[in-house]
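The values are calculated or read from the model by the stated rules, or taken from the named source; none is laboratory data. This structure is a prediction, so every number in the text was calculated from the model and none was measured. Cβ placement follows ideal geometry from the backbone for every residue including glycine, while neighbour counts extend to all protein chains displayed.
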Amino acid sequence: MISLKHLVSLVLIIIGLSNIYAQNPNALESIIHAEQANYTRNHNTVDQSLMSTANNKSDIKYTRMHWEVDPAVSYIKGEVMTIFQPIENVQNLDFDFSEALTMDSVTYHGALLKFTITGDQIQVHFPTTLLNGSTDSLTFYYQGKPTSTGFGSFIVDEHAGTPVLWTLSEPYGAREWWPCKQSLNDKIDSIDVYITNPVAYKAASNGLLINESIANGKITAHWKHRYPIAAYLICMAVTNYEVFTELAPFGNQTTTILNYVYPENLEDDKAGVAQNVTHMQLYDQLFGMYPFQNEKYGHAQFGWGGGMEHQTMTFVTSYGYELLAHELAHHWFGDKVTCGSWQDIWLNEGFATYLSGLCYQYLLPEYWLPFKQQRIATITSQPGGSVFVTDTSSVNRIFSGRLTYAKGAMILHQLRWICGDSIFFKGIRNYINDPAIAYSYAKTSDLKRHLEAVSGKNLTGYFADWFTGQGYPSYQVSWSQDITQNIHVKLNQTQSHGSVDFFEMPVPLKINGPNRQSITIVLDNTFNGQNFSQQINFPIASVEFDPELWLITKDNTISFVVGVDPLNSDGYSLNIEPNPIQNGILQTIIESPTEQIIQSTIESIDGKIMMNKLVSLESGKTSKQFDVTGFPCGTYSLQLKTKQGSLTKKFVIQ
């Protein structure tokens, strides 16, 4: 383990890196745009037949894959052996498998097994009924040229004139290059991957590299992975990689970061990977040890825009700060705990986006506020849209940068605000360590349940407004201060979308005094037009709405209002002479029927409080001067407030 103080000291390592890896709190937008462009190369929507059609009648225990490929040729020859347990009595099982490929045979206990292919589904027919809970196996032998549905699931390309091959199966592309169950309900308990390719190339995949053997001009890499894994997180990449390692220390433990990079990028990529050490140490502090500590973390370079969090072997196009932080974060949120439906994809992408923001907060704090500003601006650029994905046939909607990534991240940030730091992070740690979902799948209801358990709060309304509901609020804040220095605030709210009638939120206001005093008050806003009063022990010069950006809002207004009715009683008067003011001194004659202390406020024509202080009056007429040196030329108002009412006079500074 390493302290946060030590983590901050490691920022010096990052600052020294090449400008090519400079920090950019707006990087997420370019990452998402690149990813979406590649996802939708051929399609913006997914035919329903491309989603999983495999039935859920079995539990996959183990899979051994042996793939023979050449990065210069778009072709695959495969042997996939699967060990499974039926979860009911069955005589046939369905698997996802592209009809563009050829299934040469399926064997069962050494004999050929009958099968039928319908669309992108293969159904295998067993000679006898398999009993619920029994353990059995079968082996697929297949080959062919994988097709692309716009996800880039099996790509042959070039870098610097050299062939490169990579896979990317999220969300529905695994079936395009191997027979599998790609639905989000069954992780394979463990896998072995064998990749055979021409000897000039190296192959990267999941888990630990056990060995590489050469025969007949070809090299076979054996990768072993002993953690549960979703089908879409299984991968391979093949080209003339250079390989190097980086070590991330945690007290007396280390995690190996294994990197497969293009030779032409080797030195730059070494500098980039060094950033990931501090990211991993921070995540360890906040969320616990790297979830695949017994094996490794790794990167393989590929040509697709952005990155992909293949389990223990992230694919990245470059080694930028936020991209590396985002993809590493997925190994806690996306790989260890995987969204249980594409409707809940924000549990992957929203968390990873927020964790990349936490890297700014804890390691490079000067970028934290811009990160939040950009996320909020992205979210509020349109009035509607829910984080909950209603149309899982639309790739653009599943991977919406505005909703899944940015709004997903910021509704986590708001939950942190509602719960408080210690409770929030405890709830998140409980969520990812829940035995029912760790190394398995989760739904939004699981996260809600854990946060409610540690906070004691009912979050049903929050998730209804911010997860399934659409839009965001805009606040209209009006305030005044009375003679006893109480602030009086009225909060009104409008909503950008009709799906939510009111967003109940704790609203932070920063109260500033004339001598650099400040205090933040939090108003529990539960209905429109709500009034609040609170003691402030200094005259108020200005009020700021949510300066630390906890809330998803836009077009908020703050206005100072007269807190009491105008004075109509005899005995009060206010005169300003001369008017306009030319020498920086506001001369006044104030008449009062009694000796008293009153509140005086100077406000600009646009509502800005320029001065706020207490004034002592004698009975009768009192001459008072106010220093307005440095005030811009323009029209202002001087307001005097007493327990009986107020007087206001306008004046001009030339």
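Restricting the stretch 400-442 to residues that are basic (K, R) and more than 16 Å from the chain's Cα centre (by Cα) leaves a set whose member that is nearest to N348 (Cα to Cα) is R429. Among the residues making up the stretch 193-221, those that are in contact with an Asp or Glu (Cβ under 9 Å, 6 or more places away or on another chain) and among the small types (G, A, S) are A203, G207, A221. Taking the condition closer than 25 Å to S533 by Cβ and of a type outside the set (A, V, I, L, M, F, W, C), does S637 pass? Yes: the conditions hold for S637.
Scanning the stretch 287-299 turns up one or more residues that are free of Cβ contacts under 8 Å to residues at least 40 places away in the same chain, hydrophobic (A, V, I, L, M, F, W, C) and either surrounded by fewer than 20 Cβ atoms within 10 Å (Cβ to Cβ) or assigned to a helix (DSSP H, G or I) (or both). Every condition in (1) in contact (Cβ under 8 Å) with a residue 40 or more places away in the chain; (2) assigned to a strand (DSSP E or B); (3) under 27 Å from I155 (Cβ atoms) is met by V273 except one, and the failing one is (2).
Rundown of residues vs (1) in contact with an Asp or Glu (Cβ under 6 Å, 6 or more places away or on another chain); (2) buried (at least 24 other Cβ atoms within 10 Å of the Cβ), yes/no style:
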position: F302; (1), (2): no, yes
position: Q311; (1), (2): yes, yes
position: A325; (1), (2): no, yes
position: S341; (1), (2): no, no
position: W346; (1), (2): no, yes
position: F351; (1), (2): no, yes
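Residue count for the stretch 485-499 satisfying the condition of being touching a strand residue (DSSP E or B) at 6+ places or on another chain (Cβ under 8 Å) and part of a loop (DSSP other than H, G, I, E, B): 2. For T256, the criteria (1) surrounded by fewer than 22 Cβ atoms within 10 Å (Cβ to Cβ); (2) under 20 Å from the mean Cα position of the chain (by Cα); (3) of a type in the set (S, T, N, Q); (4) assigned to a strand (DSSP E or B) hold in every case but one, which is (2).
If the condition is being assigned to a strand (DSSP E or B), more than 21 Å from Q582 (Cα to Cα) and not hydroxyl-bearing (S, T, Y), then the stretch 613-646 contributes K613, L614, V615, L617, G620, K621, L640, K641.
Listed residues N568, N575; which is at pLDDT below 90, part of a loop (DSSP other than H, G, I, E, B) and surrounded by fewer than 16 Cβ atoms within 10 Å (Cβ to Cβ)? Among N568, N575, only N568 is at pLDDT below 90, part of a loop (DSSP other than H, G, I, E, B) and surrounded by fewer than 16 Cβ atoms within 10 Å (Cβ to Cβ). Across the stretch 58-112, the qualifying residues are those that are under 37 Å from the mean Cα position of the chain (by Cα) and of a type in the set (K, R), and the one among them that is farthest from P127 (Cα to Cα) is R64.
If we scan the stretch 428-438, do we find a residue that is of a type in the set (F, W, Y), over 30 Å from Q382 (Cα atoms) and touching a helix residue (DSSP H, G or I) at 6+ places or on another chain (Cβ under 9 Å)? Yes: the stretch 428-438 contains one or more residues that are of a type in the set (F, W, Y), over 30 Å from Q382 (Cα atoms) and touching a helix residue (DSSP H, G or I) at 6+ places or on another chain (Cβ under 9 Å). A single member of F463, F424, F467 is assigned to a helix (DSSP H, G or I) and in contact (Cβ under 8 Å) with a residue 40 or more places away in the chain, and it is F467. Reported count of residues in the stretch 375-386, each being crowded, with 19+ Cβ neighbours inside 10 Å and in a helix (DSSP H, G or I), is 4.
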